[in-house]
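Student: Structure provided below as structure tokens; questions to follow.
The values are calculated or read from the model by the stated rules, or taken from the named source; none is laboratory data. Just so it is clear, the model here is predicted, and its values are computed rather than measured. Cβ placement follows ideal geometry from the backbone for every residue including glycine, while neighbour counts extend to all protein chains displayed.
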Amino acid sequence: MTLAPPPSSRVQLTDDGKLRHFLSVEHLSRSLLEDILDTAASFVDVGGRAIKKVPLLRGKTVVNLFFESSTRTRSTFELAAKRLSADVLNLDIAKSATSKGETLLDTLRNLEAMAADMFVVRHQDSGAPFFIANEVTPGVAVINAGDGRHAHPTQAMLDMYTIRHYKGGFAGLRVAIVGDVLHSRVARSQVHALNILGAEEVRLIGPRTLLPVAAAESLGVTVCHDMAQGLKDVDVVIMLRLQKERMDSAFLPSEAEFFRLYGLNNEKLRHAKPDAIVMHPGPINRGVEIASEVADGPRSVILNQVTFGIAVRMAGMSMAISGQESSQNPEQGDQHGR
Ligand code: CP
């Protein structure tokens, strides 16, 4: 008996299981996540070429719709689209007609009238990219660049790429995710991706106030409130920023107290394996969740995550456009010749 796929899969996959929107890692198959990582690997060297371009999205128009601030995600999506030879439109939301009361749907319809082929959406409301994906004209792809507390799938996939690059794979791997997990869309997507890709153990470390209730049962993770215990023998340490913009009450006594208990410095890092890597999705807050001696130290791969992000976003964008094209013209193979 074939079970109906969960709703998020139905929206983001074609009938034959190809990506056509990239909205969430949850419910995607291991083979599809590995396909994204392998496709990204084929794009990594483009950034080192004299002419940093491949023609896969030539003639396509990508619209960046960022309703929340961003440095890394927005810039790397723009570079990824340009390296795929797409035309890129960055709508400045602060100066757009959104400030005159135009609805999201009307903004979308007007941008579609300019023949957009893809929307890259960051929004403060969880579910906004799903809403857009359900509303766009068939053939138009939507990529989630972070929605509320819900998901940040391309960040999770660039993190998976980084882990695979440095650790060779996920079998037997212990990964600690430390800090404000409760408010983190990145952590949610990372946990799903690590579980799908077969990591041995995912540990969430933080104060009770900053970890989701019943995380162990609902997310299939180990929960720790002590750094020495939680970091013991891990292969990867992922630090998270305190997301104060999403906190509606006092979750902590003070930042200094948080740093004392959960901030990563060299002393606490000694509990991890000697070859453990340190990651952070950025932006980092030095002296709050991470000390400069670690952020700038030899085990930090934080800036490498950013670099890999371009290739991973190239993969997500090109696969979604291919999926849209194959569902519009089922006779055609995709742009990778599959
Ligand atoms: N990691 C991340 O999403 O960073 P930005 O907010 O700068 O895009």
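Student: Taking only pairs six or more apart or across chains, which ones have beta-carbon atoms under 6 Å, a first residue in segment 177-204 that is over 17 Å from Lys167 (Cα atoms) and among the basic types (Lys, Arg), and a second residue that is part of a strand (DSSP E or B) and more than 16 Å from the ligand (Cβ to nearest atom)?
Tutor: From segment 177-204, the pairs are Arg203/Ala176; Arg203/Thr222; Arg203/Cys224.
Student: Pick from segment 242-295 the residues that are of a type in the set (D, E, K, R), in a loop (DSSP other than H, G, I, E, B) and touching a Lys or Arg at 6+ places or on another chain (Cβ under 9 Å): which of them is surrounded by the most Cβ atoms within 10 Å (Cβ to Cβ)?
Tutor: Here is the first cut: in segment 242-295, the residues of a type in the set (D, E, K, R) are 244-246, 248, 255, 257, 260, 267-268, 270, 273, 275, 286, 289, 293.
Still in the list and also in a loop (DSSP other than H, G, I, E, B): 248, 270, 273, 275, 289.
Now narrow it down to the ones that are touching a Lys or Arg at 6+ places or on another chain (Cβ under 9 Å): 273, 275, 289.
Numbers: Lys273: 14, Asp275: 9, Glu289: 23.
Among those that are of a type in the set (D, E, K, R), in a loop (DSSP other than H, G, I, E, B) and touching a Lys or Arg at 6+ places or on another chain (Cβ under 9 Å), it is Glu289.
Student: Being surrounded by 20 or more Cβ atoms within 10 Å (Cβ to Cβ) and closer than 16 Å to Gln124 by Cβ, is that true of even one residue in segment 71-79?
Tutor: First, the residues of segment 71-79 that are surrounded by 20 or more Cβ atoms within 10 Å (Cβ to Cβ): 73, 76-77.
Cutting the leftovers down to closer than 16 Å to Gln124 by Cβ gives us 73.
Yes.
Student: Being of a type in the set (D, E, K, R), in contact with a helix residue (DSSP H, G or I) (Cβ under 9 Å, 6 or more places away or on another chain) and surrounded by fewer than 24 Cβ atoms within 10 Å (Cβ to Cβ) is the filter here, so list the residues in segment 123-176 that pass it. Steps first, please.
Tutor: Narrowing segment 123-176 to residues of a type in the set (D, E, K, R): 125, 135, 147, 149, 159, 164, 167, 174.
Imposing the further condition that a residue be in contact with a helix residue (DSSP H, G or I) (Cβ under 9 Å, 6 or more places away or on another chain) reduces the set to 125, 135, 147, 149, 159, 164.
Within segment 123-176, Asp125, Glu135, Arg149, Arg164 qualify.
Student: Residues that are under 21 Å from Arg185 (Cα atoms), assigned to a loop (DSSP other than H, G, I, E, B) and within 16 Å of the ligand (Cβ to nearest atom): does segment 105-124 have at least one?
Tutor: Residues of segment 105-124 that are under 21 Å from Arg185 (Cα atoms), as a first pass: 119-124.
Imposing the further condition that a residue be assigned to a loop (DSSP other than H, G, I, E, B) reduces the set to 124.
Subsequent filtering for residues that are within 16 Å of the ligand (Cβ to nearest atom) retains 124.
Among the residues of segment 105-124, at least one is under 21 Å from Arg185 (Cα atoms), assigned to a loop (DSSP other than H, G, I, E, B) and within 16 Å of the ligand (Cβ to nearest atom), which makes the answer yes.
Student: To continue, here is another question. So if I check each of Ala80, Ala41, which one is within 15 Å of Ala320 (Cα to Cα), within 18 Å of the chain's Cα centre (by Cα) and touching a residue at least 60 places away in the same chain (Cβ under 8 Å)?
Tutor: Details: Ala41 fails: within 15 Å of Ala320 (Cα to Cα).
Ala80 is the lone residue from the list that is within 15 Å of Ala320 (Cα to Cα), within 18 Å of the chain's Cα centre (by Cα) and touching a residue at least 60 places away in the same chain (Cβ under 8 Å).
Student: Quick one: which residue in Ser42, Ser69, Ser85 is more than 16 Å from Thr154 (Cα to Cα), more than 16 Å from the ligand (Cβ to nearest atom) and either among the β-branched types (Val, Ile, Thr) or out of contact with any His (no Cβ under 9 Å at 6 or more places or on another chain) (or both)?
Tutor: Working: Ser42 fails: either among the β-branched types (Val, Ile, Thr) or out of contact with any His (no Cβ under 9 Å at 6 or more places or on another chain) (or both); Ser69 fails: more than 16 Å from the ligand (Cβ to nearest atom).
Selected residue: Ser85, the only one of Ser42, Ser69, Ser85 that is more than 16 Å from Thr154 (Cα to Cα), more than 16 Å from the ligand (Cβ to nearest atom) and either among the β-branched types (Val, Ile, Thr) or out of contact with any His (no Cβ under 9 Å at 6 or more places or on another chain) (or both).
Student: If I ask for residues that are touching a residue at least 60 places away in the same chain (Cβ under 8 Å), of a type in the set (A, V, I, L, M) and farther than 19 Å from Thr73 by Cα, which ones from segment 134-163 would you list?
Tutor: Val140
Student: Could you list, in sequence order, the residues of segment 86-127 that are at pLDDT below 95 and of a type in the set (Lys, Arg)?
Tutor: If the condition is that a residue be at pLDDT below 95 and of a type in the set (Lys, Arg), then Lys95, Lys100 are the ones that fit.
Student: For the subset of segment 269-312 comprising residues that are of a type in the set (Gly, Ala, Ser) and within 12 Å of the ligand (Cβ to nearest atom), which member is nearest to Ile36 (Cα to Cα)?
Tutor: Of all residues in segment 269-312, those of a type in the set (Gly, Ala, Ser) come to 272, 276, 282, 287, 291-292, 295, 297, 300, 309, 311.
When the remaining residues are screened for being within 12 Å of the ligand (Cβ to nearest atom), the result is 282, 309.
Numbers: Gly282: 22, Gly309: 12 Å.
Looking at the filtered set, the residue picked out is Gly309.
Student: List the number of the failed condition for Ala50; all other conditions in (1) in a loop (DSSP other than H, G, I, E, B); (2) touching a residue at least 24 places away in the same chain (Cβ under 8 Å); (3) away from the ligand (no atom under 16 Å from the Cβ); (4) surrounded by fewer than 21 Cβ atoms within 10 Å (Cβ to Cβ) hold.
Tutor: Condition (2) is where Ala50 drops out.
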